[in-house]
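Have a look at the structure below before the remarks.
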C-alpha cells in the first residue's frame, strides 16, 4: 500500500494577543490510498485545525505551523504559492464542516464547478465543463439540473452532495472531510455516508474523516485516530465493541463508556469527570492526566512518547497494541 | 413507577398560518400522556413537530385544537396568573444553554428570579434555596458558581445552570428539548445521568425531545416517534428499538449511527414531509417502501401492536 | 421578470405619492404664490394686477380635486410654474439649465468616489494587516470626519486664492460661451477640479471604510476559504467570492448617494458659485421662491426614487436570493 497522505510531527499554534496557544502537538499519521482514517475528538481537541493545517489554509499571521505534510510524497509547506494553488484540489481536496456556508450565495452551482475546473485545466471548453459537472452531480445522486440552482434553493443534504461532487471534480488522491454530515438529519446523514463509502472504494481515495461522533466513524473508517487536547492519543484498527474496551487508551475507554448504545443490552453510561485542559496552561506531561483513572505519577511530568505507524497508543500506563492485519469494517 | 397520569394531550393540533399558502400544521391531532416519574422520549427529525409538542405541553404555545391536561385539569387555554402557577409545575430546558442565558447576568441572578417570581422567596431563604439548587445540579462549591457569568462556564456547566433554573419553581414536569445535542460525548453522559438522578430524587416526569434514538432509549421508559406532525409509533423503549412496527421508525433505526444495518436504507426516495393543511393520508407514504394505495388517501389510526406498543400503519391491521 | 414588474409598480406608486405630497404641502400653508409676489412688491400692486398674477401662477379657486388633476396634468407636461426669483422664467427651464451642471459635477465626483473608495476598500481588506491597511483606514477616518464645506473653503483658500492653481468660482470663464470646442471643455474641466476634489476627498473615506469592513467580514466566510482550498485564482476569489458579497450591504447607501446627487452638494456649489441645482435651491430658499423650491424638491425626490429602483434592479442581478421564487 502506498501512503497518499503523511502527516509528520505536526505542531500548530495560534497567534493571539497573549502569545502562542498550541492547537496541535506532535501529530503524526499516515493514510494509504483506498483507506479511510477517522479522526475523532471533542470540541477544542484540534480536529478542525487539523483539516486546515493539512490543506495549508492557516494564514501565517493566524498560526505557526511546524512539521511536514506529504501528499503523494510532496511536502505542501515547501511549495510556492502558485504550486500550492495547483496542488490543491488536484491532489488534495476537502469537504467542509458547514455545507450551508461553503457555497458562494451569489454564484450558481454550475459556476462553482466552472471556477474550479478553469482554475486547474487551462483551455477547458464550456461544453466539457457542463458535461463533467453533470457527470459529477449524477455520481452523488443529484439531478444534473441542480447545476442551475443557487445554494439557498437547495436542502442541507443536497448542498452537502454538491460539495462532495465538487471535491471530486479533479480526481484528487486525498480527501479531507471535516464533519461532513453534522448538521443533517440522521436519515440524510446515513445516505450521504453510504455514498462517501462507495465513492471512496470506487476511486481508491485516501480519506481523512473528521468527526465528533465515535459511533458514526466506527461504522465507516478502517482506522480511527482519537484526539485529545491537540494530541493523538491512539490510532486503532480495533472495533469499538465494549468488551474490547480495555485494549484502548484510557481516554478512548472513557468515550466508549460515555455513549449510550442503540443495540444490544442496555448498559449504564458515565461521563469522563472534569473538563478538557486549558490549552494556554498545558504542562509538560500527558494532557489527559487530570481526568485519567489509570494515571501514574510519571504521567504529569513526562511528555507522551512520539509515535508513528499504522496503529499506536500514546500512554505511559498502556502497552502498544498488537499489530494485526488491516481489517475492513 | 406509579401509573398515575401527570400530563397528557388529547388530539392536539398546532397550525401556523402562512401567507399565500395553506396553513402549516406542525402537529396533527397528537394524543399522548406521561405518568408521574416517567420519561417519555419524543423522537423525530427536523420538521417532525416534536419541539412544537414540547412547547405546547408547557403552554409556550396554545394549540389550535385539542386539549392539554395536567393533573386532571384542562390547561389548554389558561393565561395570566393561572399560567404562571402552571409554570411552577411545568418547565422547559432548551438545546442551546448559551442562548438561553443572559450574558450580563450571573448564575445567581438567573436562579434568583424564578425563585422570587414562582416561589416568592426573599433574602436568606432565597439564598439557601439557590445554594441548594446549585448543589443539586453538581455546581459546587455553590458560593463560587453563584458569582460566575455564562461565558466563564463550560458548555456542560451552562446546561447545569439551565437545569437548575428549570428546577427553581419546584416543578413536577420538565420538557427537555435536545438538552445534550450541542455537548460533547463525555459531557452528554454527565447531563443524562444528572437528569436520571434528579428524576429519582425529585420525582420528576420528563418529555425528552431528541433526534438521537440511542440516548432516547437510554433515558426514556417509553418512546414516541413523530413524522410530519403526526405521532406514528409509541412503545416502551426496548420494544421500540428492538421490534419497531412503523416503516419510518425502522428507517430511523437503520440510519442511526451505531446501527448494525447494512445495505441501502429502507426508503424509496428522500424528501421532507408535506406539512400543509391540505395534505391527506400518511405523511410517510411518499418515502415508504411498504406503501399501499390507501396510504395516500387515509391517515391510519394508532393501533395496538402489543399491550405496550401502538403504531399508526396499515401494515398492522 | 415578475420581480422587475413588482419593483416598477412600486416605483410608480412612490412617484405618485411624492407628487401628491408636493401638491398638498404648499396648500396647507397660508397664502399663494401671487400673494407672496405682492409681498415682494411691498403691497404696491392693484387688484387687477394681482388677478393677472394669480392667472399666471395658475392659482384658481376651483375645487381642490380639479386643481389636483390640473396639477398632475401640468406636471407630466413639464409645466412646473414660474420662478419668483427669476420671474417670469419657468421653473422647468431653470431646472433644465442647472441639472446638467450638478449631474456633471456631483454625479461624476460621486461615482468616482464610490468606485475608488470601494476598490481601495477591497484592496486594503485583501492585504489586511499590511502596510496600506494600517495607513488608509486611519487617513479615511480623518478625511471622512472633515465637514465638506470647510474642506471646500480650505481648498479654495490654498489652491485657489493663495497659490492660484485653480479658478476660484463658476463653472467656466465668463469670457467663453458654452460650445463643444476644446477650449471650452478644457476650461470647464479645469473649473470642475476643485469642487470635485472637495466632494471626493470628503466622501471617499466612508466608502473605503465601509467596504473594507464588509470585505474583512466576508473574507472570514467559509465559501471564501472553500474557494481558496479549491485552488481558485486570487482575482476570482477577491472579486467574485469576497467583494461581490461584501458590496451588497453598501448598495442601499450607494442608491441614496446617487439619488442625492441631484440635490447637489449644496454648500460645495455655493462656495464655488457653481450654477447647479444646489445653488438654485439656496437661492430659492433665500427668496422664498416656493414654485422653484417645489420643483427642486420634486426633482430630488424623483431622482432618489429612480436611483433606488435602478440599484434594486442591480441588486437583483448581483444577489440571486432577492429575485424571489418558490424557495422563500
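The values are calculated or read from the model by the stated rules, or taken from the named source; none is laboratory data. Bear in mind that the values here come from a model prediction, so they are computed numbers and not experimental data. Cβ: placed from backbone, ideal geometry, glycine included. Neighbour counts: every protein chain shown.
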Practice task
Look at the stretch A:167-186 and say how many of its residues are closer than 26 Å to residue A:41 by Cα and within 10 Å of another protein chain (Cβ to nearest Cβ).
Solution key: 7
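Let's see how each residue does on (1) part of a loop (DSSP other than H, G, I, E, B); (2) at positive phi; (3) at pLDDT 95 or above; (4) within 11 Å of chain A (Cβ to nearest Cβ):
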| residue | (1), (2), (3), (4) |
| --- | --- |
| B:158 | no, no, no, no |
| B:161 | no, no, no, no |
| B:169 | yes, no, no, no |
| B:179 | yes, no, no, no |
| B:183 | yes, no, no, yes |
| B:207 | no, no, yes, no |
Handout entry: Residue list for the stretch A:204-257, filter: over 16 Å from residue A:177 (Cα atoms) and part of a loop (DSSP other than H, G, I, E, B)
Key = A:229, A:230, A:237, A:238, A:239, A:240, A:241, A:248, A:249
Problem - Residue identified as crowded, with 20+ Cβ neighbours inside 10 Å and at pLDDT below 95 among B:48, B:2 - result: B:48
Problem - Residue in the stretch A:181-190 that is nearest to residue B:211 (Cα to Cα), counting only those that are out of contact with any helix residue (DSSP H, G or I) (no Cβ under 6 Å at 6 or more places or on another chain) and surrounded by 20 or more Cβ atoms within 10 Å (Cβ to Cβ) - result: A:185
Practice task
Determine the pairs where a residue that is over 19 Å from residue B:97 (Cα atoms), located within the stretch B:179-207, has a partner that is surrounded by 21 or more Cβ atoms within 10 Å (Cβ to Cβ) with Cβ atoms under 6 Å apart, the partner being 6 or more residues away or on another chain.
Solution key: B:204/B:174; B:205/B:6; B:205/B:34; B:205/B:38; B:205/B:173
Exercise for the section: Just give me the residues in the stretch B:147-158 being within 20 Å of residue B:127 (Cα to Cα) and surrounded by fewer than 19 Cβ atoms within 10 Å (Cβ to Cβ), in sequence order. Expected result: B:147, B:148, B:149
Problem - Test set (1) more than 14 Å from chain B (Cβ to nearest Cβ); (2) within 26 Å of residue A:162 (Cα to Cα); (3) surrounded by fewer than 21 Cβ atoms within 10 Å (Cβ to Cβ) - residue A:81 fails condition number - result: (2)
Practice task
Search the stretch A:134-165 for residues being touching a residue at least 60 places away in the same chain (Cβ under 8 Å) and touching a strand residue (DSSP E or B) at 6+ places or on another chain (Cβ under 9 Å), and hand back the single one that is nearest to the other protein chains (Cβ to nearest Cβ).
Solution key: A:163
Practice task
Please find, within the stretch B:297-308, the residue that is nearest to the chain's Cα centre (by Cα) out of those that are touching a residue at least 24 places away in the same chain (Cβ under 8 Å) and closer than 16 Å to residue B:29 by Cα.
Solution key: B:302
Practice task
Would you point out which residue out of A:305, A:276, A:284 is loosely packed, with under 11 Cβ neighbours inside 10 Å and in a loop (DSSP other than H, G, I, E, B)?
Solution key: A:284
Fill in the blank from the handout: Per the filter on the stretch B:249-288, residues away from chain A (no Cβ under 14 Å), part of a loop (DSSP other than H, G, I, E, B) and in contact with a helix residue (DSSP H, G or I) (Cβ under 6 Å, 6 or more places away or on another chain) are B:281, B:282
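Listed here are the residues, each with its yes/no results for (1) surrounded by fewer than 16 Cβ atoms within 10 Å (Cβ to Cβ); (2) assigned to a helix (DSSP H, G or I); (3) at pLDDT 65 or above.
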position	(1), (2), (3)
C:39	yes, yes, yes
C:48	yes, yes, yes
C:53	no, yes, yes
C:62	yes, no, yes
Exercise for the section: Please state which one of A:201, A:131 is more than 10 Å from every other protein chain (Cβ to nearest Cβ), within 23 Å of residue A:92 (Cα to Cα), surrounded by fewer than 23 Cβ atoms within 10 Å (Cβ to Cβ) and in contact (Cβ under 8 Å) with a residue 12 or more places away in the chain. Expected result: A:201
Handout entry: Every pair of residues 6+ apart whose Cβ atoms lie under 6 Å, when the first sits in the stretch C:302-323 and is farther than 11 Å from residue C:11 by Cβ while the second is not in a helix (DSSP H, G or I)
Key = C:303/C:262; C:319/A:106; C:320/A:150
Exercise for the section: Output the residue which, of all residues in the stretch A:98-112 that are under 15 Å from residue A:156 (Cβ atoms) and at pLDDT 90 or above, is farthest from the other protein chains (Cβ to nearest Cβ). Expected result: A:109
Handout entry: Residue that is farthest from the other protein chains (Cβ to nearest Cβ), among those in the stretch A:113-128 that are under 24 Å from residue C:323 (Cβ atoms) and surrounded by fewer than 21 Cβ atoms within 10 Å (Cβ to Cβ)
Key = A:126
Practice task
Go over the candidates A:40, A:95 one by one and state the one that is modelled with pLDDT under 95, within 14 Å of the chain's Cα centre (by Cα) and under 19 Å from residue A:203 (Cβ atoms).
Solution key: A:95
Fill in the blank from the handout: Among residues of the stretch C:240-256 being surrounded by fewer than 20 Cβ atoms within 10 Å (Cβ to Cβ) and within 11 Å of chain A (Cβ to nearest Cβ), the residue farthest from residue C:306 (Cα to Cα) is C:240
Completion exercise
Picked from the stretch A:56-78 (must be part of a strand (DSSP E or B), touching a residue at least 24 places away in the same chain (Cβ under 8 Å) and surrounded by fewer than 17 Cβ atoms within 10 Å (Cβ to Cβ)), the residue farthest from the other protein chains (Cβ to nearest Cβ) is A:66
Exercise for the section: May I ask you to say which residue of A:4, A:53 is touching a residue at least 60 places away in the same chain (Cβ under 8 Å), within 16 Å of the chain's Cα centre (by Cα) and crowded, with 19+ Cβ neighbours inside 10 Å? Expected result: A:4
Fill in the blank from the handout: The lone condition residue A:89 fails out of (1) surrounded by fewer than 18 Cβ atoms within 10 Å (Cβ to Cβ); (2) at positive phi; (3) within 14 Å of chain C (Cβ to nearest Cβ) is (1)
Practice task
Mind listing just one residue for me: the one in the stretch C:199-250 that is touching a residue at least 24 places away in the same chain (Cβ under 8 Å) and not in a helix (DSSP H, G or I) and, of those, farthest from the chain's Cα centre (by Cα)?
Solution key: C:221
Exercise for the section: Consider residue B:311 carefully, then state whether it is touching a residue at least 40 places away in the same chain (Cβ under 8 Å) and surrounded by 13 or more Cβ atoms within 10 Å (Cβ to Cβ). Expected result: yes
Handout entry: So residue B:135, is it outside any helix (DSSP H, G or I) and either touching a strand residue (DSSP E or B) at 6+ places or on another chain (Cβ under 7 Å) or surrounded by 14 or more Cβ atoms within 10 Å (Cβ to Cβ) (or both)
Key = no
Exercise for the section: With the checklist (1) touching a helix residue (DSSP H, G or I) at 6+ places or on another chain (Cβ under 6 Å); (2) under 20 Å from residue C:232 (Cβ atoms) in hand, flag the one item residue A:111 doesn't pass. Expected result: (1)
Handout entry: From C:266, C:194, residue being more than 24 Å from residue C:320 (Cβ to Cβ), without any contact (Cβ under 8 Å) to a residue 24 or more places away in the chain and away from chain A (no Cβ under 11 Å)
Key = C:266
